[in-house]
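Following: one structure in structure tokens, then a few remarks.
Any read-out appearing in this document is the output of simple, stated calculations on the displayed coordinates, not a laboratory observation. Keep in mind that what you see is a predicted model, and the values were worked out from it rather than measured. Note that each Cβ is placed from the backbone with ideal geometry, even for glycine, and that neighbours are counted across all protein chains shown.
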Amino acid sequence: MKSVFILLVLIFTFYASDAQHFAIASDNNNVLYVGLPNTLSISAENCPCSQLIVKTNNGKVTGSNCQYTYNGEQYGSTDIILYKKTSNKLKEIGKSTFRVSRIPTPAFRIAGYGGNYQKAKTIILAAQQFVRAEYEWLGFCLRSSIDSFHVTIFYNDSTKTKTFFNTSNMLNEPIRAAIAALKNDDIIIFDKIFAKGPDGARELDPLILTIEN
């Protein structure tokens, strides 16, 4: 029994001494996104950056000097595998698994209004020349441009409605004139909103505003 215990201790000691500490960190809260150049910071114990080789099983890793960029191909997950190059041979140091996600759909905004149903003031809406698409909770700056959207107004003092079509993120003159004439309890709906981001075109959630001056 004693000899078995000694053998187990020797095996564990050999494994522990052969292990090498390493770190693979993503700048995007450890989530990698398809359509973005994801920055990775990589280091390994007792190994200069010049000897590190980085590979993946989903996409492509480029870079050097312990700073790398990951470009994913499929949603799901990826293994970032770290090797040490010695005498033209590669020895695996270890690997880390990351979640690979689609970039979240941005939210439509006009002035400070966005999200779901809200109340809005005519004077604030009428002062706006542009609308925008904003990414929320990403932790880094990312841009998306508005391609087109519809605006429908339901007038409270009649059964009339008006629908406008707008291209680009700049409000056209007919829409701006209609917004300037909005009265209490009128409803304005922005829908069929299409925006283009790093991973292509998306349809955004509609925005519904009720006027409360």
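See the values below:
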| quantity | calculated |
| --- | --- |
| Value of Rg to Rh for the range 135-213 (Rh from inverse mean 1/r over Cα pairs, i.e. Kirkwood) | 1.05 |
| Relative contact order computed over the range 69-108 (Cα-Cα under 8 Å; 6+ residues apart), in percent | 41 percent |
| Electrostatic dipole magnitude of the chain [Cβ: Lys, Arg +1; Asp, Glu -1; Cα centre; debye, to 20] | 520 debye |
| 10 Å Cβ shell holding at most 13 others, DSSP loop, GluC sites (Glu not before Pro): longest site-free stretch of the chain | 137-211 |
| Over the range 107-211, relative contact order from alpha-carbon pairs under 8 Å, at least 6 apart, % | 33 percent |
| Where no second cysteine Cβ lies under 4.7 Å, the cysteines concerned in the chain | 47, 141 |
| Ranked list, fewest to most other Cβ atoms within 10 Å of each Cβ, for 49, 66 | 49, 66 |
| Ratio of Rg to Rh over the range 19-102 (Cα coordinates, Kirkwood Rh, two decimals) | 0.96 |
| On Cα atoms only, tilt of 2-18 relative to the major axis of the chain in degrees | 50 degrees |
| Label assignment, Rg and Dmax of the Cα atoms in Å derived from the structure, set [x] 27.2, 94; [y] 15.9, 46; [z] 21.0, 64 | [x] |
